[in-house]
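Undergrad: Quick one: this structure, given as C-alpha cells, is what I'll be asking you about.
The values are calculated or read from the model by the stated rules, or taken from the named source; none is laboratory data. Everything numeric here is computed off the predicted structure, so don't read it as measured data. Positions of Cβ are backbone-derived with ideal geometry, glycine not excepted, and every protein chain shown enters the neighbour counts. Quick note on the areas: whole protein, heavy atoms, side chains included, nothing else; ligands and nucleic acids left out. Shrake-Rupley method; radii C 1.70, N 1.55, O 1.52, S 1.80 Å.
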Amino acid sequence: MSSGLKIFWFFAILFSLLFFISAITNILLPFVIGIIFAYFLDPAADKLERKGCSRSTATAIILILFIFALGLLAYFIGPILYAQTKAFAINIPLYIQNIETILTPYIHILYSKIGDANELNNIDFLGNVMQHFLLFTQKLFSNILQSSLAFINLLSLLIITPIVTFYLLRDWDILMENITKLVPKKIKKDVLANFRAIDKVLSAYIRGQTNVCLFLGIFYAFWLSIFDLNQGFLIGFLTGVFSFIPYFGMIIGLTTGVVVAFFQYENMVQILIILSVFIVGQFLEGNFITPKLVGNKIGIHPVLIIFALLAGASLFGFLGILFAIPTIAVIGVLFRFALKNYKRSKFFLAK
C-alpha cells in the first residue's frame with residue numbers, strides 16, 4: 001500500500017470515528033465519567049493489590065470508599081447548593097432590571113451622539129441587548145444539555161457510571177496489557193515511550209487540577225460566606241469547580257460575585273472586600289497552588305488551550321469541554337515526539 005493511500009485511510013478512519021462519537025454523544029457521559037473515575041482511582045487499586053488484595057476486592061473497596069465520600073459531600077453541601085441556586089435564579093431578573101436602570105441613561109447619551117435623537121423615546125436599546133443576551137445564554141446551555149442528555153439523566157449517572165467504573169477499574173491493567181500486545185514490534189518501543197509520557201502528563205494534570213479546584217472551591221466558598229455575600233457559597237464553590245477550564249471559572253465567578261455585591265451592599269468598601277477575595281484567590285492559585293500541584297505539566301501555550309476548549313464545546317458540547325485539555329495534552333506529547341524525529345531526519349539535516 002502506497003504512503004498516499006495509507007494517509008487517506010488514516011484520515012478516513014479518523015473522521016469516521018469522530019462522526020460516530022458525535023452521533024452517540026447523548027449517551028456517552030456515564031461511560032466517559034466511568035473512564036475518568038477508573039483512570040483516577042487505578043493507582044489506589046494498584047497499591048491495595050500490592051498489599052495482597054485481589055484486584056476485584058481492591059476495586060470494590062476503592063469504589064465503595066469513593067462513592068461514600070461523594071455521597072457524604074453531596075449530603076452536606078447539596079442542600080446548601082440547591083437552596084442558593086434557587087435563590088439566585090429568583091434574583092436574576094432583579095439583577096438585570098437594576099443593571100438596565102443604571103446603564104440606560106448612559107446608553108441613551110451614547111446613542112444620542114451616534115444615532116437619531118428623535119427616536120430615543122422609542123428605543124429600549126439595553127432592554128433589547130439583555131433580551132438577546134438571555135436568549136443566547138438559554139440557547140447555549142440548551143445546546144450543552146442537549147448534547148449531553150446523560151448529564152441530566154440522574155438515573156443513568158447513578159446506576160450506569162458505578163458499574164462502568166467497577167469493570168474498567170477491575171480490568172484496567174488487563175486492558176492496557178492487551179492494547180500493548182497489539183502494537184507492532186517495529187514501533188513498539190516508541191509507542192510505549194509515548195504512552196508513558198502521555199500517562200505521566202495526564203495523571204499529573206488531572207490529579208493536580210482536581211486538587212486545585214478543590215482548594216479554590218473551599219477557599220472562595222468559605223470567604224464569600226464569611227463576608228455574607230448573597231449565594232456566596234454557591235458562587236465560590238462553582239468558581240472552584242469551573243477552574244478546570246482556564247480563565248473561565250475565575251472570570252465568571254469574579255463577575256457574578258462583584259455584580260451580586262454591587263446590588264447587595266451600600267458602600268464600596270464591602271464590594272472591594274469581595275473583589276479582594278477573588279484577587280487573593282487568583283494570586284494564591286497562580287503563584288503557589290497551581291505551580292506546586294500542577295506545574296507546567298501540559299507544556300501547551302494558553303492560546304492553544306483556549307482554542308481547544310472552544311473547539312471542544314462547539315463540536316461535542318459539555319463532553320468536548322471535559323476532554324479538550326487532555327486531548328491537547330496528548331497532541332502536545334505526540335507533536336514533541338514528531339518534532340524530535342523530524343530534527344533527526346535526513347531531510348532536516350541535509351545541506
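Undergrad: Test of understanding: among Met268, Met250, which residue is within 27 Å of Ile102 (Cβ to Cβ) and touching a helix residue (DSSP H, G or I) at 6+ places or on another chain (Cβ under 9 Å)?
TA: It is Met250.
Undergrad: Give me the pairs, please: first residue somewhere in the range 328-343 and in contact (Cβ under 8 Å) with a residue 40 or more places away in the chain and of a type in the set (Lys, Arg), second residue anywhere and open to solvent by less than 90 Å² (accessible area, probe 1.4 Å) and part of a helix (DSSP H, G or I), beta-carbon distance under 8 Å, and either six or more positions apart or on two chains.
TA: Going by the 8 Å Cβ cut-off, there are no qualifying pairs.
Undergrad: I'm checking my understanding of the structure. Among residues of the range 221-244 that are over 23 Å from Ala329 (Cβ atoms) and within 17 Å of the chain's Cα centre (by Cα), which one is most open to solvent (accessible area, probe 1.4 Å)?
TA: Leu238
Undergrad: Taking the residues in the range 266-295 that are surrounded by fewer than 15 Cβ atoms within 10 Å (Cβ to Cβ) and not in a helix (DSSP H, G or I) as candidates, determine which candidate is modelled with the lowest pLDDT.
TA: Looking at residues that are surrounded by fewer than 15 Cβ atoms within 10 Å (Cβ to Cβ) and not in a helix (DSSP H, G or I), I get Gly295.
Undergrad: Kindly establish whether Phe337 is open to solvent by 70 Å² or more (accessible area, probe 1.4 Å) and in a helix (DSSP H, G or I).
TA: Criteria not met by Phe337.
Undergrad: Identify, from the list Ala60, Ala69, Ala83, Ala74, the residue that is open to solvent by less than 40 Å² (accessible area, probe 1.4 Å) and modelled with pLDDT of 75 or more.
TA: Within the list Ala60, Ala69, Ala83, Ala74, the selection yields Ala60.
Undergrad: Moving on. Of everything in the range 245-265 that's open to solvent by less than 30 Å² (accessible area, probe 1.4 Å) and β-branched (Val, Ile, Thr), which residue is farthest from the chain's Cα centre (by Cα)?
TA: This residue is Val260.
Undergrad: Answer yes if at least one residue in the range 20-33 is more than 29 Å from Asp173 (Cβ to Cβ) and modelled with pLDDT of 75 or more, and no otherwise.
TA: Within the range 20-33, none of the residues are more than 29 Å from Asp173 (Cβ to Cβ) and modelled with pLDDT of 75 or more.
Undergrad: Would you point out which residue out of Val164, Val212, Val201, Val183 is in a loop (DSSP other than H, G, I, E, B), β-branched (Val, Ile, Thr) and touching a helix residue (DSSP H, G or I) at 6+ places or on another chain (Cβ under 9 Å)?
TA: Val183
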